[in-house]
Amino acid sequence: MKQAIQIPDVCPSCGTSLELINDQLFCNNSGCPAKNSKIVEGFAKTLKIKGLGPKTINKLDLVCIEDIYELTEEFIEERLGSEKIAKKLIHEIGISKNANLQELLPAFAIPLFGSTASQKLCDKISHVEEISEKRCSEAGLGPKVTTNICSWYNKEYKNRYCRLPFTWKADVFEGVPVVDINEVVCITGRL
């Protein structure tokens, strides 16, 4: 006996009406606990913060990215019950503060903006405050990606994320000089 699949019309986590876009359901509630937990989890994964997985995020009640950088060793130890784990997690969070702009931008889950787009944009800018439609165009980003990154910058970055403990600078690589030595190299031997 076949049974029809019932598509939910409300978010199972927060009860907000879901929006169907391109055969995918989206919860547009910015306060949705499940959505926010996934954003924090994705951020930690992208910045390679070891020890900050879904279970730890839940135990520490982290609801936004900013919460990560407000954690104290004492709070972590109290919640997780281990001084050793608390020290390691604080150390990992400290390491993440050194992330460059190329690594940071994809961590914020900006739609259509991943590591490739980040690298292209960071080749044209040296600081997050240089993000603009003109710079995105120079970087070869498409109109949807440009709209998304500029919207994130004007809303999310300026209102929330600018206070996070990052330098927000892109790594600038100077061109490596090519040395012409006019010699032939021959590789011999077996693999």
Members of the range 14-68 that are surrounded by 13 or more Cβ atoms within 10 Å (Cβ to Cβ), part of a loop (DSSP other than H, G, I, E, B) and touching a strand residue (DSSP E or B) at 6+ places or on another chain (Cβ under 7 Å): Cys14, Thr16
Evaluation of Leu112 against (1) under 26 Å from Leu141 (Cα atoms); (2) over 18 Å from the mean Cα position of the chain (by Cα) (one fails), failing number: (2)
Every residue from the range 73-111 that is over 16 Å from Lys50 (Cα atoms) and outside any helix (DSSP H, G or I): Gly81, Asn100, Phe108, Ala109, Ile110, Pro111
Contacts under 7 angstrom Cβ, first residue in the range 28-57 being farther than 14 Å from Ala86 by Cα, partner of a type in the set (D, E, K, R) and part of a loop (DSSP other than H, G, I, E, B), 6 or more apart: none
Residue check for Leu112: in contact (Cβ under 8 Å) with a residue 60 or more places away in the chain and either crowded, with 19+ Cβ neighbours inside 10 Å or over 15 Å from Ile39 (Cβ atoms) (or both): no
Residue count for the range 133-149, restricted to those that are of a type outside the set (D, E, K, R) and crowded, with 16+ Cβ neighbours inside 10 Å: 7
Selected residue (criterion: nearest to Tyr161 (Cα to Cα)) from residues of the range 1-24 that are hydrophobic (A, V, I, L, M, F, W, C) and at pLDDT 90 or above: Cys14
Qualifying residue in the range 78-98 (condition: touching a residue at least 60 places away in the same chain (Cβ under 8 Å) and either closer than 27 Å to Cys32 by Cα or surrounded by 15 or more Cβ atoms within 10 Å (Cβ to Cβ) (or both)): yes
Evaluation of Arg160 against (1) buried (at least 16 other Cβ atoms within 10 Å of the Cβ); (2) among the charged types (D, E, K, R); (3) closer than 30 Å to Gly94 by Cβ (one fails), failing number: (1)
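The values are calculated or read from the model by the stated rules, or taken from the named source; none is laboratory data. All figures in this text were calculated on a predicted structure; none of them were measured in a lab. We place every Cβ from the backbone using ideal geometry, glycine too, and count neighbours over all the protein chains shown.
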